[in-house]
Amino acid sequence: MNKPVKILLGVFTFLPLIIVIVGVLLLIYEILTIVFSPEPVNPFLFLQYVAYVLPVLLIYSAFYLLLGIFYLVHLLQNNRMDNEKKILWI
């Protein structure tokens, strides 16, 4: 694996963590906006936020699953590690 591919893989590895943090912050912001709004707000407005987040969450889950499969295949093809250590990592 060359260096640009390793860097890209490192970015993709930490991307789910960043997505989760940003998603939680947006969720907190949305809840605080609804709770502290000076005018009455429809309580189902929160579901509108979920409609935008759900497809992103599904894509994120599929991406995270593919990344895990990639790491599993990479671990199994690694010849520098003993079989006992491979089983431990799996």
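The values are calculated or read from the model by the stated rules, or taken from the named source; none is laboratory data. Just so it is clear, the structure is predicted and the values come from calculations on it, not from any experiment. Here the Cβ is made from the backbone with ideal geometry for all residues, glycine too, and neighbour counts use every protein chain on show. Just the protein is used for accessible areas: all its heavy atoms, side chains included, with ligands, DNA and RNA removed. Shrake-Rupley method; radii C 1.70, N 1.55, O 1.52, S 1.80 Å.
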For the chain, with +1 on Lys and Arg beta carbons and -1 on Asp and Glu, the positive-most of Ser37, Val56, Gln77 along the dipole: Gln77
Taking the Cα centre of the chain as the origin, how large is its charge dipole in debye, to the nearest 20, when only Lys and Arg (+1) and Asp and Glu (-1) carry charge on their Cβ atoms? 540
Note to self, the chain gives a 222 nm [θ] from helices alone (DSSP H runs n ≥ 4, -39500 (n - 2.57) apiece, / all residues, nearest 500) of -28500 deg cm²/dmol
Å² of accessible area per residue within segment 25-86, as computed with a 1.4 Å probe and no ligands counted: 87
Computed D for segment 1-75, Stokes-Einstein, Kirkwood radius over alpha-carbon pairs, 4 °C, 1.567 mPa s, to the nearest µm² per second, is 87
Nearest 10 degrees, 0 to 90: what angle lies between the long axis of helix 3-35 and the longest principal axis of the chain (Cα atoms)? 20
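Considering only protein heavy atoms and a 1.4 Å probe, what is the carbon-and-sulfur percentage of the accessible area of the chain? Show your work: numbers first, answer last.
Working: 5900 of 7850 Å².
Its accessible area is 75 percent carbon and sulfur atoms.
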